[in-house]
1. May I ask for the distance between the Cα centers of segment 472-532 and segment 309-323, given as a whole number of Å?
2. Reachable aspartates and glutamates from Lys603, Cα under 19 Å, same-chain residues fewer than 8 places away excluded?
3. Can you tell me which of 228-241, 335-348, 445-458 comes out highest on packing, and rank the rest after it, using the mean Cβ neighbours within 10 Å?
4. In Å and on Cα atoms, what radius of gyration and Dmax does segment 236-312 show?
5. Calculate the translational D of the chain in whole µm² s⁻¹ from Stokes-Einstein, where the hydrodynamic radius comes from the Kirkwood formula applied to all Cα pairs, the temperature is 4 °C and the viscosity 1.567 mPa s.
6. What angle, in degrees between 0 and 90 and rounded to the nearest 10, separates the Cα long axis of helix 393-412 from the longest principal axis of the Cα atoms of the chain?
7. Excluding ligands, DNA and RNA, what is the solvent-accessible area per residue of the chain at a probe of 1.4 Å, expressed in Å²?
8. Let me know the Rg and Dmax you get for segment 32-136 when you use only its Cα atoms, in Å.
Amino acid sequence: MKKTLLVELYTEALPFKQLHNMSLSFVKNIKNELQKNIIKYEIIKWYATPQRIAIKIKNVQLEKKKNKEKKNKYTFQKIIISSIKKIHITKPMLWDKNSLKFSRPVRNILAILGKSILPIKIFNLLSNNITYGHFFLKNKKIKIKNADEYSNILLKKGMVIANYNIRKEFIKNKINQKVKEINGFVQYENNLLDEVTCLTEYPNILVGKFSKKFLKLPHELIFYIVQVFQKSFLIYNNFTNFLTSEFIIVSNINPIDKKKIIEGNKQAIQSRLYDAYFFFKEDQKIKLIEYLKLLKNILFYKKLGNLYDKTIRIQKLIIFMKKELKNDLKNAIRAAILSKCDLITNLVFEFPNMQGIVGKYYAIQNKEKKEVSEAIQEQYYPKSYNSILPKSKIGCILSICDKIDTIVGLFILNKQPSSNQDPFQLKRFAIGIVRIIIEKKITIDLKYLIQKCVFLYNYRQTNELEEKILKFFFNRIIYLCKKKKININIIKSILLLKLNNILEIYLRIKVLENYAKKVEFKHLLISYKRIGKILKKEKKNSNQFVEINLFNNKYEKNFYINLKIFKINILQLIKKKKYQKAFLQEIIFSKQIEIFFKNVLIKDKNKNVFYNRILILQKTKKYLNYFCKLSVFI
């Protein structure tokens, strides 16, 4: 026997940023519970609106015998309650003394198995077959007699498009229809489409318009006000691709007088645009460089000086990294000097998210070079763990210098992050530096850069601090590599070399990852392990030089010659940054080790011959660890 199971949690307005993830978490939990209880089903559909999350499991396999009906109910009660309890919520709250924690107060629970109510008690509520229509348009009780009819009945009687993906597609299609009528288009690159889908139950698409004079503002600022703040879509001209003054409103109501909704959104947008426009004009009465001296009045952090001090430190770090910049050094120094000047402007004070962007536009107005202007904005990239990186070389170096200065300064004050707290976002800064170095292939000696930072802060206790910061960065490398599903032993084998060049570390890791599953690598490890076992049993040889006159056969002699060639080759290739070829030398040389063991018996009656061979093995082990610490894999 097969029936459809329907469960809906009807709540007060859910946080739109959590709605999607909460729904997927509910589905995942249900799937896990069904699998645990070995219950077959056809398909699971999920539904999510601002005031409800629901799942519908089509054709759930039930026990056929009549006396099994109570068992069916008990099993599904257990599955549903367990799945609800395990829903992942970012900030759960306790709404009732005797209730469970949830994102918002739960007001009703609908639970139907086929056409019958499935009795469930949770959140101090008993389940029923009732749901509710659109909160503003048709806020009334709706009886669901059959689980299969849930979404159709809710749409017909309640004006609710319950299916999240259908509602999202509905919004997109309606927007495209609207903008086509006015020869425009909308860009869907951000999360706004998902956000408005989470904010509406029965979306209504309207078009508003603000004054064209505001188009003189930085487009990123208009984007922030219209899309981020007001949750409306900007419209671009179909023929020129330029931004227009029209925008799309996604309303959750469908009033008779639509002009009121349009006017309300227009006023909210225009009031902010007007403030921005006023500050934009006021700020440009003086040049960007003239704000530099005013940075002395803004504290960077207690005991770490002001923003002017930070600017000078960044400038000196830029000069320290002149090898990477080459002909761009002059422009990079200029970008460093101007880098924090916009933080004192009225526009950034009013819109802090615009730091860097405002600096770029003001620099352009002041006829600064394009490379300088772009770098001012790019210094803040990446803004999250996986967001875009600076495009220009100057932007990359400026971003690294700015972030490393902050990291070192706060480590000096012992403000480093813990395992679960990072109030100053130092982990994000460090990951940003690591990503820029790796993805933009920048060669930097991290230890020297940290030392330079410490010196600029006039801090004396360097060694312990440097090691602490290096370890912090190495942990970020481990984090990024784990994200790419690279085996932890591969990562550790390179980090144990204590290299200071992040790019070199990563390139070695990638080379090793390519070889790790190959048969040749396994053979190399077998040879290395055999050497390790022999050396473990014997005391370290005090001799420093291999005596050629103690060789007994050609195999011993050939091996030693090849060993010296191997050492030269691998060191030269590493120096030339040819890491793939360097490790290939180890793979090739492992065959020589096999030949050596096959034809040379390490033990010998003559102690001098024996210790000479031990010395050869010691050198072999040492050279094999030039690329990575192979002992990690043993």
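The values are calculated or read from the model by the stated rules, or taken from the named source; none is laboratory data. Everything numeric here is computed off the predicted structure, so don't read it as measured data. Positions of Cβ are generated from backbone atoms using ideal geometry, with glycine treated the same way; all protein chains shown enter the neighbour counts. We work out accessible area using only protein heavy atoms, side chains counted, and drop any ligands, DNA or RNA first. Shrake-Rupley method; radii C 1.70, N 1.55, O 1.52, S 1.80 Å.
1. Segment 472-532 and segment 309-323 have Cα centres spaced 33 Å from each other.
2. Candidates past the 8-residue exclusion: Glu538, Glu547, Glu556, Glu594.
3. Ranked by mean Cβ neighbours within 10 Å, highest first: 335-348, 445-458, 228-241.
4. My reading of the Cα-based Rg and Dmax gives 21.1, 60 Å.
5. 43
6. Here the helix axis deviates by roughly 90 degrees.
7. Per residue, the chain has an accessible area of 53 Å².
8. That works out to 14.7, 46 Å for Rg and Dmax.
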